[in-house]
Structures are given as structure tokens and as C-alpha cells.
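J.: Supplied in C-alpha cells, the structure appears directly below.
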Amino acid sequence: MRKQFIALLAFAAVAGSAACSGGAAGIGAEDLKGQTVEIVGPWTGDEQKNFEKVLAAFTSKTGAEVKYTPAGDELPTVLQTRISGGTPPGVALIAQPGLVAQFARANALKPVNADVEKAVTKHNAAVWKQLGSVDGKLYGFTFKTANKSAFWYSEKAFKQVGATPPATWDDLIKTSKAIAETGLAAVSVGGADGWTLTDWFENVYLRTAGPENYDKLAKHEIPWTDPSVRKALEELAKLWGDPTLVGGGALQTEFPKSVINVFGDPSTAAMVFEADFVASVITTNTKAKVGQDAKFFPFPSVAGSKEAVVAGGDMAVQFKDDKATTELMKFLASPESGEIWAGLGGFLSPNKDIKESAYPDDVTQDLAKRIVDAGDNVRFDMSDLAPAAFGGTKGAGEWKDLQDFLADPKNVDGIMQRLEANAAKAYGK
């Protein structure tokens, strides 16, 4: 959800033993009183309060103080400024793997030590370790993640037509048409925010092209004019190209409104696609109850594809390698730290050894389980992996191209050409 500030990456680009029973190795045995670690992260408000409870547990175990500095949407700029000024924090939580790679190659980051690497290997699918690695060295791990492969639906709207959660893309289209016959739009799309459209594309592409091609397209090793891109766009057009299925004014609808359209009163649509953070929008802005009035189903299979998940997340990395900082990294890599926040709500983790019961409700447990169960079929948000000029700039690049495609889903050839032209410029090839 933090794509709104990925454009700030452009600034950064220019400027230069494992936990066997839940706790991190060494924690509790070391006396770190008098030492302080600063950690910079994106979280404010309730998220900050919850994360500070995680950090308080670390202090209780070790005696080390942790100072949390919330940077919000300005995190990339804050970090670049701190690094340039010679005052980096000990640890940072970064949502963009591309920025992590930039810092690593500029020698601003410290590779994690052997104990942290063992914990990451033990508690996560291999794909997550690959995500945190740069040029063969592990620099970080995803502490908090988002499941971006969820369709949220109105139980009332589905009951009205006797629908059940569709398992396939074709079933989704059929269900959408049945709902549209009642006078309700099938799907509310937050097209005013281009990042939502990239999430749509990524989910369809992962299922039609497979994980290997997903990786290649993310690196621009295959062009956006590749037949695999055409296939994904044509599948999207089956839904986006039917004005009876997509709620009116999609290009003027911002993400929060797209959720309210489904779960507000009165509602104008039956479904909305987006990540687990839809639940907080429902709870904050409507009277609907998550798990009762508002439910979710995983993004449907396309052409027999396997279970797959597109994920976002915040990666813990360290700029210093003193004892207290390293111990904090060990703690954050452990199931113990994740279980603290999981119990407070608003948190998912790729850490497979966090107990399912640690999550506070059935919906969150299901969302977290699907990330873990997808294993190496998880792929990180492709637009977060791309250069900001292509994957993270409002009114430009992929965001704008997909908005234009939403406006004219018949123009597959034209959009492919524009995507490739913009990608080639941003990637420099």
C-alpha cells in the first residue's frame, strides 16, 4: 500500500544460532544494558504502537534500549539523507527491494551475520531469502508482509444470486455476470490509484505466465511485448472490458472508495480486489463486519494455474554491526517477535514458524497461511521491484499505461507497445 511514495526512490537512486524454540539465539543470555539501537521504519499511528510493543519485548529480554523513528512515506528520503550525512540508523524497515539493493551496492548496508542467516533459512521459504540477497550476500529479511492476492466480497450480494467464492477466473466472470443482472456492479476498481491496477496485472500474469516468466519480466529480461504479457492483458480485458461488470467511474475511484463501494451503505458493487489491508478500510469506514458481512477468497486460478501469491512487505536491514544491532536483527528474524505483533492484529508474516493461533481471527489466519503455503510460488510485487520511473510514479509509466488500458481494454497492442517503451527507458535497456 505504500506505492504512493515509491517515486521517492528516484532520489535514492541518484544519491549514491537460529531460533529453534521461538526465541533468537543469544537473547536473554547477553547483557546489553546501556546500549541503544535506533530503528527507522514506515509505521505511524497504531502500527507504530504495535511495533513498539515488539521492541519493548526485545528490551525486556536484553536490556538494550531501542529508539524507533517513524519516517512514514518519506522513509527512502530520510534514509538517504541520514546515510549521506554519516548518521545512519542501526536498522531500517524498507518496503522496496530495489532500494535495499542500491544501499547494499553502495556499501551502506552490512550483510547479516551467520546466526541471522540461519534463522531466515529455517523460518522462511527459499524465495524470501532470495529476495533479501544482493550479489550472493544476504542483507535482510521480510519482517512484515502483505497478501496481495485477495478478493473481498459482500456476503449479502453473493447470497442474493446463490454464488460461492469462485475458484477459477472463468468462474469469476460467470459469477460477475450473475451479480450484474441484479443491477449491482460486480467489481469495484480503484483505478484512480494506478498501483491497484499493477496488482491486478501481477496476479493475472503470475498465474498465466508462471513464476519464472514473472521473474524475467520483473527484471525486464523479456519485453512487455512478449506473448505472455498479451495473454495476461487479454484475460484482464474479459473483466475490465465489460462495462456491466466494473463499477462506473473506476478511473475516478480511489482505493478507499473502491472498498466503501462494496461494504458501505448503500453499496454499489459486490467485490473489490486488493490486499489484506482492505480489512482495516472496512472496519474504519463501514459498519460491515470482517468475517461475517465481508469475506475474502484467494485470487482465482487462471487456466489451471497453481496456488500463487503476490506479496508486498517491509524488509529489516542493518547499517551497523555492533552487538546490540545484530541481536535485534536476530530477534526480528525469530517467530517470537512476529507472534507479538500478530496477536495485536494488522500483521502478516512469511515466517512459517509463527503459530497460526497467534493471529487473532480466522480471516487473518487464512491470509497468513496462504502466504506460507504458497512457498516458493510467492512473488514480490513486481512494480516495487521495478525502477520508480516505471513502477512507482503517479501519472507515468506502468501506472498510467494500465489506467489507459482500463479505459480502453480493447487496445492490447497499443498498451503493450507503450509499456515496453516506458520500461526500456526506465531500465536503460
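The values are calculated or read from the model by the stated rules, or taken from the named source; none is laboratory data. Please read all numbers here as calculations on a predicted model, not as lab measurements. No Cβ is skipped: glycine too gets one built from the backbone with ideal geometry, and neighbour counts run over all protein chains shown. For accessibility, only protein heavy atoms count, side chains too; no ligands or nucleic acids. Shrake-Rupley method; radii C 1.70, N 1.55, O 1.52, S 1.80 Å.
J.: Given a 1.4 Å probe, how much area per residue of the range 73-186 is accessible, in Å²? Don't jump to the answer; show the numbers that get you there.
T.: Working: 4550 Å² over 114 residues.
That works out to 40 Å² per residue.
J.: Of the listed peptides 254-265, 210-221, 380-391, what is their order by residue-averaged count of other C-beta atoms within 10 Å, with the highest listed first?
T.: Details: 254-265: 20.5, 210-221: 16.8, 380-391: 23.7.
Per-residue Cβ counts within 10 Å, averaged per peptide and sorted highest first, yield 380-391, 254-265, 210-221.
J.: Here's something else I'd like to know. Taking all protein chains as present, what is the carbon and sulfur share of the accessible area of the range 28-115, in % to the nearest whole number, probe 1.4 Å?
T.: Here carbon and sulfur together make up 46 percent of the probe-accessible area.
J.: Here is a further query. Place a point 7 Å from Cα of residue 307 in the direction of its Cβ. Which residues in the range 127-146 have their backbone N less than 18 Å from it?
T.: Those under the cut-off are 127-128, 146.
J.: Select one label from (1) 67, 48, 34; (2) 72, 47, 40; (3) 141, 59, 47: the one whose number is Cα extents along the principal axes in Å as derived from the coordinates shown.
T.: (1)
J.: Per residue of the chain, what 222 nm ellipticity follows from adding -39500 (n - 2.57) for every DSSP H run with n ≥ 4, rounded to the nearest 500?
T.: Details: 19 runs with 202 residues, N = 429.
Rounded to the nearest 500, it is -14000 deg cm²/dmol.
J.: Now, a different point. Classify the range 97-185 as rounded, prolate or oblate, taking a ≥ b ≥ c as the square roots of the eigenvalues of its Cα gyration tensor: rounded when a/c is under 1.5, otherwise prolate if a/b is larger than b/c and oblate if not.
T.: Note, shape of the range 97-185 comes out prolate.
J.: Let me ask something additional. What aspartates and glutamates could a cross-link reach from residue 53, if we take a straight Cα to Cα line under 13 Å and drop same-chain neighbours fewer than 8 places away?
T.: 65, 336, 339
J.: Can you list the lysines whose alpha carbon sits under 27 Å from that of residue 159, skipping same-chain ones fewer than 8 residues off?
T.: 148, 174, 177, 238, 257, 287, 289, 295, 369
J.: I'd like the FRET efficiency for residue 234 and residue 121, computed as 1/(1 + (r/R0)^6) with the beta carbon distance as r and R0 of 45 Å, rounded to 0.05. Could the numbers behind the result be given before it?
T.: Working: r = 40 Å, r/R0 = 0.88.
Here the calculated transfer efficiency is 0.70.
J.: Something else: For the peptides 53-64, 85-96, what is the packing order when you average, over each peptide's residues, the other Cβ atoms within 10 Å and list the highest mean first?
T.: For the peptides 53-64, 85-96, the packing ranking is 85-96, 53-64.
J.: Still on this structure: How do the peptides 113-121, 282-290 rank, highest first, by the average count of neighbouring beta carbon atoms within 10 Å per residue? List each step's numbers first, then the result.
T.: Values: 113-121: 19.4, 282-290: 16.2.
Ranking the peptides 113-121, 282-290 by packing returns 113-121, 282-290.
J.: What is the set of long-range amide H partners of residue 309 at a cut-off below 5 Å, with H atoms built 1.01 Å from backbone N?
T.: 378, 379
J.: Follow-up question, since we're still on this one. My understanding is that a pair violates if its Cα-Cα distance is over 22 Å; which of 49/137; 137/394; 33/320; 231/400 do that in this structure?
T.: On the way: 49/137 32 Å; 137/394 33 Å; 33/320 18 Å; 231/400 20 Å.
Over 22 Å Cα-Cα: 49/137; 137/394.
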